[in-house]
Ligand code: GLN
């Protein structure tokens, strides 16, 4: 299954590695034509302002926005989750309004305040170590959005159908359960 990985900026290589390890065929998306025949699209972590700048520069912003809003499978992690959200604060910026969420960027402090946390028991991925790097916080979850994992009671992995978003980095480390579950969901 061909899965696009937005490769404008940020941690796309680790997503591609993890997807390939699970038997998918990752396609690095750098121009609109790359979206042609992918079955799903991953928006990686990185820096969402830089990503938007690169998307606009490369003529990708409108096609990627339209793709994410088309109810096709999409998975945004960290900066990618910020791009998918409806409301973005701290600082505010435009987003794709593909998932009914509001986020606050850089909500745990600077890059130095990055951390790992085990998700709360009782969710879909027991024992998962979630890696947060200058992470956003989900401050509102819409009615149709299901919370798949929490840390300290707060949503960190959510989905609405085949649209998933994580505020952490499931592509880092060797626990592939989140990617595997998303791939299973969309295949
Ligand atoms: N702080 C970044 C932003 O606001 C996101 C960090 C990440 O993707 N690791 O875009």
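Ratio of the chain's C-alpha Rg to 2.2 N^0.38 Å, to two decimals?
So the chain has a normalised radius of gyration of 0.92.
Expressed as a whole number of Å, what is the distance separating the alpha-carbon centroids of segment 76-121 and segment 31-58?
17 Å
Based on the alpha-carbon gyration tensor of segment 145-187 and its eigenvalue square roots a ≥ b ≥ c, which shape applies: rounded if a/c is under 1.5, prolate if not and a/b is larger than b/c, or oblate?
Judged from the Cα gyration tensor, segment 145-187 comes out oblate (a/c at least 1.5, b/c at or above a/b).
What percentages, rounded to whole numbers, describe P(r) for segment 93-187 computed over all alpha carbon pairs with 5 Å bin width beginning at zero?
Answer for segment 93-187: a P(r) of 3, 13, 24, 25, 22, 11, 3, 0 percent.
Measuring from label point to label point, each 7 Å out along Cα→Cβ, what is the residue 50 to residue 120 span in nm?
3.3 nm
With a ≥ b ≥ c the root eigenvalues of the C-alpha gyration tensor of segment 12-58, is it rounded (a/c under 1.5), prolate (a/b larger than b/c) or oblate?
oblate
Would you please report the Å³ per residue occupied by the convex hull of the alpha carbon atoms in segment 6-101?
Enclosed volume per residue, from the Cα hull, is 85 Å³.
Can you put 78, 86 in order, fewest other beta carbons within 10 Å first?
86, 78
Fully extended, how many nm does the chain gain between residue 143 and residue 111 (0.36 nm per residue separation, minus their Cα-Cα distance)?
8.4 nm
Any read-out appearing in this document is the output of simple, stated calculations on the displayed coordinates, not a laboratory observation. Given the structure is predicted, the values throughout are model-derived calculations rather than measurements. Cβ sites come from the backbone with ideal geometry, for glycine too, and all protein chains shown count toward neighbours.
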